[in-house]
């Protein structure tokens, strides 16, 4: 894909006058729009994967929701008192999150003594 500057779309910044030395060495900065265009060009298959595979979510809100409780816990208590407490918290949150994604019946099975055991996805 080539970029055209004939229409003025996504132009690269032009260097300053020849009488002034450049302020920075290396490649000149690109505009934010050009950076976005480059990312779409380089990662188009990943960005548009949800169009071809309906199992791929449109957004990453679920992953952000999964991390939110950890950040709230850090904000309120500052830190975990030990590594074991952190690992236990992560295991519990991971189990509840996975069970919630599969069904609420998984939580019912947990309290009945027949816990839902998620299978690791090794693909």
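For labels at residue 65 and residue 45 in the simple 7 Å Cα→Cβ model, what's the distance in nm? Simple spin-label model gives 3.0 nm for this pair. The convex hull of the Cα atoms of region 61-112, projected and averaged over all directions, covers 4.2 nm². Multiplying the residue separation of residue 76 and residue 109 by 0.36 nm and removing their Cα-Cα distance gives an extension gain of 8.7 nm. Taking 0.36 nm per residue of separation and subtracting the current Cα-Cα distance, fully stretching the chain between residue 91 and residue 33 would add 16.8 nm.
We did not get these values from a lab; they are worked out from the coordinates using the rules stated. The model shown is predicted, which means the values in this text are computed figures rather than measured ones. Glycine gets a Cβ as well: all are built from the backbone with ideal geometry, and neighbour counts include every protein chain shown.
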